[in-house]
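What follows is a short report on a single structure.
The values are calculated or read from the model by the stated rules, or taken from the named source; none is laboratory data. Worth saying up front: this structure is predicted, and the values here are computed from it rather than measured. We place every Cβ from the backbone using ideal geometry, glycine too, and count neighbours over all the protein chains shown. Areas reflect the complete protein model, heavy atoms only, side chains present, ligands, DNA and RNA absent. Shrake-Rupley method; radii C 1.70, N 1.55, O 1.52, S 1.80 Å.
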Amino acid sequence: MIVLGIESSCDETAVSLVNDNKEILSNIVSSQIKHKQYGGVVPEVAARAHLSALPFILKEALDEAKVTLKDISSIAATIGPGLYGSLLIGSTAGKALAFALNKPFIGVNHLEAHILTPRLLHNISFPYLALLISGGHSQFIAVKGINNYKILGTTLDDALGEAFDKTARLLGFAYPGGKHLEELAKSGVLNKFTFKPPLLFSKSCNFSFSGLKTAVSQKIAELEQSNNLTEENKANIAKAFEVAILASLKAKTTIAVQQFKAENGSFKHFVVSGGVAANNSIRNMLQELVNKHGGNFYAPPLALCGDNAAMVAWAGIEKLKLGKTSALNAKVKPNLNLEEII
Ligand code: KG4
Ligand code: ZN
């Protein structure tokens with residue numbers, strides 16, 4: 001069984017071929033650089049860029065996998081959440097291919113693709129606890145099976161990746177600045193500055209990051225005014241931001257593990273995924289914490305943390321095995337929720 005996956009929910013145009021032996025035959029990701037000058041993704045620009053890139057990315061993915069369209073069992077494409085125009089381009093291409101090849105089409109939830117990715121690489125049984133941290137989402141999810149997801153906690157305002165990107169922007173990095181901020185924090189001195197970790201004492205595993213971003217921007221303005229926004233202090237700010245984020249993630253993950261145990265009887269596996277899961281300080285802290293609670297820790301390799309189509313193809317395989325295919329008129333849904341059955 002070979003499934004062709006298409007991902008186009010935001011600013012990555014991606015096509016991948018994955019088989020049911022868990023082999024990634026190809027995984028092509030083209031990141032749109034056109035948005036850098038605007039400091040964020042411009043929806044119209046993104047949709048047009050997907051349209052012009054997709055045919056080439058598709059051909060590259062097939063060539064690299066050394067398969068032809070005839071060898072494909074099914075086509076899976078992201079149908080939400082994401083930017084409406086961007087979702088339309090990828091999913092319409094997927095439906096058109098499915099129609100022309102007379103193969104099943106599988107609509108995939110982008111978030112479900114992120115949280116199922118570790119099952120492509122390891123034998124992880126349901127239920128498991130997932131932490132999805134990306135540019136658009138920050139959620140704890142009890143993954144009980146395919147199409148059976150329960151959100152245990154979510155962000156009340158900004159997503160974690162968004163907080164990284166906004167803070168990075170204040171420090172002069174182009175979008176998306178998350179990985180630059182991680183790099184910068186390495187040379188920062190601990191406790192030169194401190195920011196209060198958000199929602200530290202609340203009993204839920206919900207997040208909030210917008211207050212932290214405001215505190216960082218106020219500190220930067222203060223340093224600028226006093227001519228103290230030196231390269232060293234930028235690194236110290238990045239360090240203080242990281243420390244606050246780690247404290248918040250640690251507290252919330254502890255609550256989520258307890259909640260998961262109470263609802264599911266035991267806690268065996270923990271998965272972190274999404275673009276921010278590429279952050280090594282976060283991975284290391286989570287691994288230590290999860291092991292302390294007796295759980296196995298899984299994080300995808302860096303290439304599969306950010307948006308890619310191998311995760312979409314894999315979610316397609318998981319669904320196809322259970323006969324969960326979609327109609328060719330399945331609608332895209334920009335605000336698609338993980339708990340909605342598609
Ligand atoms: O999953 P993803 O590729 O796209 C969404 O679905 O949102 O996540 C992108 C996010 C961006 O906010 C980016 O800055 C962040 O992941 N990111 C990081 C790192 N690498 C990517 N954030 C912190 N540290 C990193 N190393
Ligand atoms: Zn994503």
Residues that are in a loop (DSSP other than H, G, I, E, B) and under 19 Å from the mean Cα position of the chain (by Cα), drawn from the stretch 9-38: S9, C10, D11, Q32, I33, H35
If you go through A303, A299, the only one that is among the hydrophobic types (A, V, I, L, M, F, W, C), within 16 Å of ligand 2 (Cβ to nearest atom) and in contact with a Cys (Cβ under 8 Å, 6 or more places away or on another chain) is A299
Return yes or no: is G94 within 24 Å of the chain's Cα centre (by Cα), open to solvent by 20 Å² or more (accessible area, probe 1.4 Å) and of a type outside the set (F, W, Y)? no
In the list S273, S187, S202, which residue meets the criterion of being open to solvent by less than 50 Å² (accessible area, probe 1.4 Å) and without any contact (Cβ under 8 Å) to a residue 60 or more places away in the chain? S202
Can you work out which of the residues in the stretch 48-91 that are touching a Pro at 6+ places or on another chain (Cβ under 9 Å) and more than 23 Å from K324 (Cβ to Cβ) is most open to solvent (accessible area, probe 1.4 Å)? Y84
Within the stretch 26-40, residues farther than 17 Å from N308 by Cβ and open to solvent by less than 70 Å² (accessible area, probe 1.4 Å) come out as H35, G39, G40
For L97, which of the numbered conditions (1) more than 16 Å from ligand 2 (Cβ to nearest atom); (2) part of a strand (DSSP E or B); (3) farther than 30 Å from A174 by Cα fails to hold? (2)
Go through the stretch 220-253 and report how many residues are without any contact (Cβ under 8 Å) to a residue 24 or more places away in the chain and either surrounded by 16 or more Cβ atoms within 10 Å (Cβ to Cβ) or outside any helix (DSSP H, G or I) (or both). 6
Scope the stretch 1-42; condition out of contact with any strand residue (DSSP E or B) (no Cβ under 8 Å at 6 or more places or on another chain) and either outside the structural domain of A310 (by TED's automatic domain parsing) or within 16 Å of ligand 2 (Cβ to nearest atom) (or both); matching residues: C10, H35, G40, V41
Answer with yes or no whether K179 is within 16 Å of ligand 2 (Cβ to nearest atom), open to solvent by 50 Å² or more (accessible area, probe 1.4 Å) and at pLDDT 95 or above. yes
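Filter the stretch 59-117 down to the residues that are basic (K, R) and within 14 Å of ligand 1 (Cβ to nearest atom) and list them by number.
Passing the criteria: none in range.
Among the residues of the stretch 62-89, write down those that are part of a helix (DSSP H, G or I) and either under 21 Å from the mean Cα position of the chain (by Cα) or within 20 Å of D307 (Cα to Cα) (or both).
Once the filter is applied, which keeps residues that are part of a helix (DSSP H, G or I) and either under 21 Å from the mean Cα position of the chain (by Cα) or within 20 Å of D307 (Cα to Cα) (or both), the stretch 62-89 yields L62, E64, A65, Y84, G85, S86, L87, L88, I89.
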Restrict the check to the stretch 193-210 and report whether at least one residue is part of a helix (DSSP H, G or I) and on the phi < 0 side of the Ramachandran plot. yes
Contact list, first residue from the stretch 254-265 and in contact (Cβ under 8 Å) with a residue 24 or more places away in the chain and closer than 16 Å to F297 by Cα, second anywhere and open to solvent by less than 40 Å² (accessible area, probe 1.4 Å) and part of a helix (DSSP H, G or I), beta-carbon distance below 9 Å, six or more apart or interchain, is T254/L289; V257/L289; V257/V290
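If I filter the stretch 120-141 down to residues being hydroxyl-bearing (S, T, Y) and within 12 Å of ligand 2 (Cβ to nearest atom), which single residue comes out as surrounded by the most Cβ atoms within 10 Å (Cβ to Cβ)? Talk me through it step by step, then tell me what you get.
Applying the first criterion (hydroxyl-bearing (S, T, Y)) to the stretch 120-141 yields 125, 128, 134, 138.
Among the residues that remain, those that are also within 12 Å of ligand 2 (Cβ to nearest atom) are: 134, 138.
Numbers: S134: 24, S138: 29.
The residue in question is S138.
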